[in-house]
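Working notes for the structure below.
Read-outs: derived from the displayed coordinates by stated rules, not from any lab. Only a predicted model underlies this, so the values are computations on that prediction, with no experimental measurement involved. Reconstructed Cβ throughout: ideal geometry from the backbone, glycine too, with neighbour counts over all protein chains shown.
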Amino acid sequence: MSARPQFRDIVRAAPPGSVDPALDPDDVFDMLLGAILTRTLLLSTTARNRPVERTVEMILRLLRPLG
């Protein structure tokens, strides 16, 4: 079971101009999954305990078109 298809649907449903059309949703999903796994598995061993909201904001910035 994968959340990848639902993530693609979410990206496609985003308002026009809010997601860079050049981005590959699968690449973004992989990056997001990596961020979640890192936070879950390594949080106790890292000194940088940032709030989840910071990660979400960074992902939203990644999705936005340039300019």
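Summing -39500 (n - 2.57) over the DSSP H runs of n ≥ 4 in the chain and dividing by its residue number, what mean residue ellipticity at 222 nm do you reach, to the nearest 500 deg cm²/dmol?
Numbers: 3 runs with 39 residues, N = 67.
Helices in the chain give a 222 nm mean residue ellipticity of -18500 deg cm²/dmol.
Quick one: 7, 29, fewest Cβ neighbours within 10 Å first, how do they rank?
Neighbour counts put them in this order, fewest first: 7, 29.
With an 8 Å Cα cut-off and a minimum separation of 6 or more residues, compute the relative contact order for the chain in percent.
49 percent
Over the alpha carbons of the chain, what is the largest minus smallest coordinate on each principal axis, giving the biggest first in Å?
The Cα atoms of the chain stretch 39, 34, 16 Å along the principal axes, largest first.
Along the charge dipole of the chain, which of 10, 34, 52 sits closest to the positive end, that is, farthest toward it, with unit charges on the beta carbon of Lys, Arg, Asp and Glu (+1, +1, -1, -1)?
52
Kyte-Doolittle mean at least 0.0 and Cα extent at least 20 Å along the axis: which DSSP H helices of the chain qualify?
Details: long enough: 25-42 (25 Å, 0.88).
Helices meeting the span and hydropathy rule in the chain are 25-42.
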